[in-house]
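The values are calculated or read from the model by the stated rules, or taken from the named source; none is laboratory data. Quick caveat: nothing in here was measured; it's all calculated off a predicted structure. We place every Cβ from the backbone using ideal geometry, glycine too, and count neighbours over all the protein chains shown. These accessible areas exclude ligands, DNA and RNA; they are computed on the full protein's heavy atoms, side chains included. Shrake-Rupley method; radii C 1.70, N 1.55, O 1.52, S 1.80 Å.
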Amino acid sequence: MPTYHIVSLPGDGIGPDVTREALKVSKAIGQYYNTEIDITEYLVGGASIDEHGVPIRDEVLDKAKKADAVFLGAVGGPKWDDVAKNKRPEAALLKLRNELGLFTNLRPVRVYEPLIETSTLKREVIENVDLLVVRELTGGIYFGKPRITEKLSFGERAVDTMVYRSSEIERIAEVAFKAARKRRKKLTSVDKSNILDTSRLWRKTVDQVARKYDDIEVSHMLVDNCAMQLVRDPSQFDVILTGNMFGDILSDESAMLTGSIGMLPSASLGKDSAMYEPVHGSAPDIAGSGKANPLAAIGSAALMYRYSFDNNDAATDIEQAIYDVLADGYRTADLQSGGSNEKVISTAEMSNAIIDRINQKQESTTNA
Ligand code: IPM
Ligand code: MG
């Protein structure tokens with residue numbers, strides 16, 4: 001039986017609440033696919049700062065590098081807002097992305113029919129939305145140097161630097177084109193090439209890569225327009241390819257199409273490493289209350305099966321179970337829309353409902 005070694009980094013706030021449930025689901029589905037999951041847990045983010053004085057220890061980074069996959073909950077919270085910038089909880093996330101070489105961030109956005117009324121947008125706008133944000137994750141303004149804050153005689157001055165090399169753009173574009181090939185074969189590359197040099201290089205490089213993919217329909221869109229199109233007519237998008245900061249912003253916007261940011265999973269992939277995490281934050285106000293929505297984390301577990309365990313069937317089973325429990329009316333607090341068949345349940349009850357669904361399906365196929 002294949003055994004996968006997972007480094008679990010639950011982190012802060014609701015991170016531990018949702019990670020626990022997602023790993024429970026991962027184990028449950030594993031039984032049906034002869035897959036053993038071996039989990040080792042470490043502190044990360046604020047939890048690690050409190051215990052060890054740093055957001056992530058080198059030892060943990062090293063374990064993460066050697067793991068088959070890393071599963072992360074969420075990091076950060078107001079408690080650590082005032083610590084120095086390289087000691088902030090978020091620094092752990094950036095370090096993991098950088099040191100594990102996780103240059104690809106996949107954020108699939110699917111509107112589940114049973115949740116359409118939960119979205120702040122109208123049914124006719126979001127019906128049929130099924131898009132994939134491919135965000136470059138180890139470059140751009142998140143990592144560019146110099147990066148300074150300095151005191152001048154008349155106040156202060158801060159500098160961030162946006163850098164992209166053509167090689168970085170090329171490799172993420174390759175990922176996006178290949179993803180488009182498995183989907184509806186439409187790719188929208190998003191940049192700010194009317195202003196930024198990095199964006200002009202981005203556009204030129206994407207066009208060069210596009211020559212190898214003449215079956216894919218490519219278009220370019222400016223990021224401000226894209227932000228607007230995502231709420232005007234989001235079903236026009238299939239694959240959105242974009243840089244680190246634009247991807248950060250557009251993926252939160254896309255998350256709301258699905259009704260709640262509590263629904264959006266993500267996979268961060270490199271050549272030899274992979275990390276899975278919900279897109280939402282640590283929501284410290286509801287931590288430990290049973291109100292957190294574990295579905296983004298559970299969806300991330302599905303992605304872990306798809307990309308790290310090469311098991312698309314198990315991934316699809318998890319995703320189908322998510323759909324089914326929503327169709328049955330089960331909702332965590334964030335997903336309520338006042339519908340008459342809604343049953344509000346806790347974080348753990350939600351993952352139990354998913355596991356029940358998985359068991360039911362497996363039993364019906366083995367009995368068939
Ligand atoms: C995300 C988050 C992170 C980011 C933060 C927590 C550093 O917003 O994964 O989208 O900006 O990338
Ligand atoms: Mg973000």
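Do the conditions hold for THR316, that is, is it without any contact (Cβ under 8 Å) to a residue 40 or more places away in the chain and polar (S, T, N, Q)? Yes: the conditions hold for THR316.
Residue by residue, here is whether (1) outside the structural domain of ILE14 (by TED's automatic domain parsing); (2) within 12 Å of ligand 2 (Cβ to nearest atom); (3) in contact with an Asp or Glu (Cβ under 6 Å, 6 or more places away or on another chain) holds:
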| position | (1), (2), (3) |
| --- | --- |
| ILE240 | yes, no, no |
| GLY243 | yes, no, yes |
| LEU250 | yes, yes, no |
| GLY270 | no, no, no |
| GLU277 | no, yes, no |
| GLY281 | no, yes, no |
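Whenever a residue of the range 246-274 is open to solvent by 10 Å² or more (accessible area, probe 1.4 Å) and at pLDDT below 95, its partners that are within 15 Å of ligand 1 (Cβ to nearest atom) and β-branched (Val, Ile, Thr), lying with C-beta atoms within less than 7 angstrom and at least six residues away or across chains, give the pairs ASP252/ILE261; ILE261/VAL279. Scanning the range 215-245 for residues that are free of Cβ contacts under 8 Å to residues at least 60 places away in the same chain, open to solvent by 30 Å² or more (accessible area, probe 1.4 Å) and in contact with a helix residue (DSSP H, G or I) (Cβ under 8 Å, 6 or more places away or on another chain) yields ASP215, VAL218, HIS220, ALA227, GLN236. The single condition among (1) open to solvent by 70 Å² or more (accessible area, probe 1.4 Å); (2) in a helix (DSSP H, G or I); (3) out of contact with any Lys or Arg (no Cβ under 9 Å at 6 or more places or on another chain) that ASN34 does not satisfy is (2). Among the residues of the range 240-266, the ones that are farther than 10 Å from ALA296 by Cα, away from ligand 1 (no atom under 12 Å from the Cβ) and aliphatic (A, V, I, L, M) come to 4 in all. Considered as a group, the residues in the range 67-95 that are in contact (Cβ under 8 Å) with a residue 60 or more places away in the chain and within 22 Å of LEU250 (Cβ to Cβ) include one that is most open to solvent (accessible area, probe 1.4 Å), and that residue is VAL75.
Among the residues of the range 142-172, the ones that are open to solvent by 40 Å² or more (accessible area, probe 1.4 Å), touching an Asp or Glu at 6+ places or on another chain (Cβ under 6 Å) and touching a residue at least 12 places away in the same chain (Cβ under 8 Å) come to 1 in all. Only residues that are more than 19 Å from ILE169 (Cα to Cα) and of a type in the set (Asp, Glu): list them for the range 210-229, please. Within the range 210-229, ASP215, ASP224 qualify.
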